[in-house]
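Below is one structure; the comments refer to it alone.
The values are calculated or read from the model by the stated rules, or taken from the named source; none is laboratory data. Computed from a prediction, not measured in an experiment: that's the story for all the values here. Here the Cβ is made from the backbone with ideal geometry for all residues, glycine too, and neighbour counts use every protein chain on show.
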Amino acid sequence: MVSAPRNVRPSNARLRHYMKIYRLAASPDESWLAASDNLSRICLFKLSDCLSSNASDESRCLSHFIQVRDAVFAMKTVDQLLVCGDSKGRIFAYDWSELTKRTDVPPKTLFSFGVFNGAHCSVPGPHEVNGLMYCSETERLYVGGAADNAVREFDINVPNKPLRSFSGHSSTVCELASASSDQLLSASADGTVRVWDVRGRSEGHVIKVADEPRHHWNEQTTYNWWRVSGAAGATFPTIPRNSLLGLHVDCGK
């Protein structure tokens, strides 16, 4: 019996087939790009090499990577820090100046803590962090994910304990965004987007995306008149039965 060879590196084609990129973040000076993948790595790319007019496949390859414990599902540049949230519910941060150095010694995390420690969860963990949002005016970091489906607010200067939480979603929080320094938006797997007033912790609006009316193409739509906005009020006449309409848009102009 012939034993299988050890330490056989999979082909590039196989790696590309199974590779998944979860999140991206740019450095404060926008000269570096960080990408997290399903191999639990934070991959660093030097953008000047990738975007040069003389760039080649070799120069577009990653500069180096940081191996972390678990896959990173959320990343956000906060001032000079790269803040990460992983699949086990941890939040940790690196200094960008240390992250971009090519060295055999991995950079040290500036802080690391479990987001959902002490949370009362109906489903056993681990619970991932999916969304990060930072408000520079108030220096508040908002974290969303699974566990009890709440959004937590942290002081970025003392981030080991949440200041408060925003509860209301019935399933995993997938993404966070901000309309202003006073409003926090959270999108969830429960099919809703919730708008929170962070000044009073109140839930302002619930947008039921899953209940929105859906527009379907049907025969009646085909016979209606078509109007293209932005084309000097151009109007297309009724389309005859059993005919096809092709529309070409030149985005280069």
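Looking at the stretch 58-70 only, could you name the residues that are in contact with a strand residue (DSSP E or B) (Cβ under 8 Å, 6 or more places away or on another chain) and either of a type outside the set (A, V, I, L, M, F, W, C) or not assigned by the TED database to the domain that holds R23 (or both)?
If the condition is that a residue be in contact with a strand residue (DSSP E or B) (Cβ under 8 Å, 6 or more places away or on another chain) and either of a type outside the set (A, V, I, L, M, F, W, C) or not assigned by the TED database to the domain that holds R23 (or both), then R60, S63, H64, Q67, R69, D70 are the ones that fit.
So A26 clears everything in (1) among the small types (G, A, S); (2) at pLDDT below 95; (3) closer than 26 Å to S136 by Cα except one condition, right? Which one?
Unmet for A26, out of (1) among the small types (G, A, S); (2) at pLDDT below 95; (3) closer than 26 Å to S136 by Cα: (2).
List the pairs whose first member sits in the stretch 28-47 and is β-branched (V, I, T), whose second member is part of a loop (DSSP other than H, G, I, E, B), and whose Cβ atoms are under 9 Å apart, counting only residues at least 6 apart or on separate chains?
Going by the 9 Å Cβ cut-off, the qualifying pairs are I42/V68.
Filtering the stretch 107-124 down to residues that are at pLDDT 90 or above and assigned to a loop (DSSP other than H, G, I, E, B), which residue is nearest to the chain's Cα centre (by Cα)?
Filtering first and then ranking leaves V115.
Return yes when D104 is in contact (Cβ under 8 Å) with a residue 12 or more places away in the chain, charged (D, E, K, R) and under 27 Å from L47 (Cβ atoms) and no when it is not.
Taking the combined requirement at face value, the residue does not satisfy it.
For F73, work out the one condition from (1) in the same structural domain as A34 (by the TED database); (2) assigned to a loop (DSSP other than H, G, I, E, B); (3) touching a Ser or Thr at 6+ places or on another chain (Cβ under 7 Å) it doesn't fulfil.
(2)
Every residue in the stretch 124-174 that is closer than 16 Å to G114 by Cβ, of a type in the set (S, T, N, Q) and surrounded by fewer than 13 Cβ atoms within 10 Å (Cβ to Cβ), please.
The answer is N160, and nothing else.
So which of S165, S202, S180 ends up being modelled with pLDDT of 90 or more, of a type in the set (S, T, Y) and under 26 Å from G85 (Cα atoms)?
S165
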